[in-house]
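The values are calculated or read from the model by the stated rules, or taken from the named source; none is laboratory data. Keep in mind that what you see is a predicted model, and the values were worked out from it rather than measured. Counting neighbours? That spans all protein chains shown, and the Cβs are built from the backbone with ideal geometry, glycine included.
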C-alpha cells in the first residue's frame, strides 16, 4: 500500500512540474524572441529523445562527479518530470496550431499585447483542446515513475517494491501481476476523469 | 460628407505613397488615400486587386515596404506596446468573424474593455449588453460563437469593435463569408453605424451598400487606386475603361 502511495505521489508531483514546465516551454516556443524560441525547441528535442532510465542514471551516478548530489526521490522526480514536460509542450503546440490565425489577428486588432494574447486566448484554448493528450501524458508519467525501481528509493515505489519481492521472496510473478493491475486501475480512473473534463471544456468550433 | 470633414482637418486615416510586395507580386502601388472624421469610404474592385491588403495595412496586420501611414496625423509605430495601443483605437471587422471560440458572446465583447482599456468589469458588461442589444443579439449573450449563425457572429464582431470606442472601423469584406439571407442584417447594422457618424473604411462586393451608404467610392485594380469619387459619379459615369469593365462584369450577374 505504501508503495502504491509512493507511485501516486511521484506521479502527481512529477506531472504538476511537467505541466507547469511544459506551459512555460511552449510560451517560449511561440514567443517573438528568437533565443527563447530556440531554447524551447532545443529543450523539447533533448528531453523528448532521451530514455528515462538513461536520464535517471546520469542524475544518480554521473552528477555526483560534478559534486551535485540529490536524493534518490529528487532524481526520480526530475527524470519523471523533465521528459513529460517535453511531451506536454508538444501536445500544447498541437493545440496552439489548431487556433485559427484569425482569432490571433482579432486579439491584436483590439490592442492586446503578446502577453495578454497568450494568457487570455492562446493558453486557454490550447489547454482546453489538449485535455485528452494530457490525460494520456499523466498515465505515461505514472508509468515513467516505475524508473524509481532502478534506484534504492525508500519507501519504494510500486515497481521497486515488486522487484524487491521478486528477488527476496517467492511469488514474484504474482507480485508483478498485482502491481500491473494497480497501475491499470489507476490509469482507468485517470482516463475517466480526463474524459469528463474534456466533455466539459471542449471548444465548439 | 459630415461637417467635420472640412478642408484643413487632420484625416483620421492617411496613407502616403504606400507600396507593398508579396514576393514578386507588387500588391500595393503608390497608394495615397485619406479618410476624414465621420466619412464612409468604400473600396471596391476585382479580387486580387489589393483592396483587402490595403485595409489590413492600416492597423498593421500587414507591414508595408515603403510610404507612410498616419492615424490622426501620427505615423504608425513599430510592433510593440505603442502599436497595441494604436490598434485599440482602430476597430477591425473580418471576413471570417474571428470571435474567440472559447468565450461566450458577452465575454467576447468585454475582453477588450476590461483587459486592454482596464475598465471595471461591471461597467464593461453593462455596456456590452447595450451593444449586443443594438446589433440585435442580446438574447445570445451567454452562448458560444459556434452556436450562432454567421450573421449573428458578424454582428457580435461589430459589437466587439464598438466596445473599444474606436476612432474608425475597418471592415474587411464583412459579408463575403455569409449566406445571402444573412448579408442584409449585417449591412443594416453597418448602415446605422454610418448614419451615426462612425468613420468607416469598408472593403466589399456589395455594390448597393456602396451606392447607398458611401460618401466616397474607391475603385482599385491591380494594386492601384484607379478611380475615386462620389457613388453617384462612379456608378453612373465611371471615367476609366477598367472601372467600366468591372461594373459591366458585375451587372451581368
Residue that is free of Cβ contacts under 8 Å to residues at least 24 places away in the same chain and farther than 30 Å from residue A:173 by Cβ, where the choices are A:116, A:125: A:116
Output for the range B:207-233, where each listed residue is crowded, with 16+ Cβ neighbours inside 10 Å and within 15 Å of residue B:46 (Cβ to Cβ): B:207, B:210, B:217, B:218, B:219, B:220, B:221, B:223, B:224, B:225, B:226, B:227
Condition met for residue A:140 (touching a residue at least 24 places away in the same chain (Cβ under 8 Å) and not in a helix (DSSP H, G or I)): no
Residue match in the range B:45-56 (condition: over 27 Å from residue A:95 (Cα atoms), out of contact with any strand residue (DSSP E or B) (no Cβ under 6 Å at 6 or more places or on another chain), in a loop (DSSP other than H, G, I, E, B) and within 13 Å of chain A (Cβ to nearest Cβ)): no
Condition met for residue A:118 (within 13 Å of chain B (Cβ to nearest Cβ) and surrounded by fewer than 22 Cβ atoms within 10 Å (Cβ to Cβ)): yes
Residue in the range B:103-120 that is surrounded by the most Cβ atoms within 10 Å (Cβ to Cβ), counting only those that are farther than 19 Å from residue A:113 by Cα and within 13 Å of chain A (Cβ to nearest Cβ): B:105
Complete set of residues in the range B:131-146 that are more than 14 Å from chain A (Cβ to nearest Cβ) and not in a loop (DSSP other than H, G, I, E, B): B:132, B:133, B:134, B:138, B:139
Failed item, numbered, when residue B:123 is tested on (1) surrounded by fewer than 23 Cβ atoms within 10 Å (Cβ to Cβ); (2) away from chain A (no Cβ under 12 Å); (3) not in a helix (DSSP H, G or I): (3)
Scan of the range A:167-179 for residues that are within 21 Å of residue A:142 (Cα to Cα) and in contact with a helix residue (DSSP H, G or I) (Cβ under 6 Å, 6 or more places away or on another chain), ordered by number: A:175, A:176, A:179
Cross-chain or 6+ apart pairs with Cβ under 9 Å, the range A:31-55 first and surrounded by fewer than 16 Cβ atoms within 10 Å (Cβ to Cβ), then assigned to a loop (DSSP other than H, G, I, E, B): A:32/B:79; A:37/A:31
For residue B:84: the one exception among (1) within 11 Å of residue A:110 (Cβ to Cβ); (2) at pLDDT 95 or above; (3) assigned to a helix (DSSP H, G or I): (2)
Enumeration of residues in the range B:63-82 that are touching a strand residue (DSSP E or B) at 6+ places or on another chain (Cβ under 9 Å) and closer than 15 Å to residue B:13 by Cβ: B:64, B:67, B:68, B:69, B:70, B:71, B:72, B:73, B:75, B:76
All helices (runs of 4 or more DSSP H) inside the range A:20-113 with 3 or more residues being more than 14 Å from chain B (Cβ to nearest Cβ): A:34-48, A:52-57, A:72-97
Check on residue B:205, out of contact with any helix residue (DSSP H, G or I) (no Cβ under 7 Å at 6 or more places or on another chain) and modelled with pLDDT under 95: yes
Check on residue A:136, over 30 Å from residue B:177 (Cα atoms), away from chain B (no Cβ under 14 Å) and over 18 Å from the mean Cα position of the chain (by Cα): no
Residue in the range A:191-201 that is in contact with a helix residue (DSSP H, G or I) (Cβ under 9 Å, 6 or more places away or on another chain) and facing chain B (nearest Cβ under 10 Å) present: yes
Residues that are within 7 Å of another protein chain (Cβ to nearest Cβ) and in contact (Cβ under 8 Å) with a residue 40 or more places away in the chain, drawn from the range B:78-101: B:88, B:92, B:94, B:96, B:98, B:100, B:101
Residue in the range B:62-77 that is assigned to a strand (DSSP E or B), under 21 Å from the mean Cα position of the chain (by Cα), within 26 Å of residue A:98 (Cβ to Cβ) and within 12 Å of chain A (Cβ to nearest Cβ) present: no
Subset of the range A:1-19 [more than 18 Å from residue A:141 (Cα to Cα) and either outside any loop (DSSP other than H, G, I, E, B) or touching a strand residue (DSSP E or B) at 6+ places or on another chain (Cβ under 9 Å) (or both)]: A:2
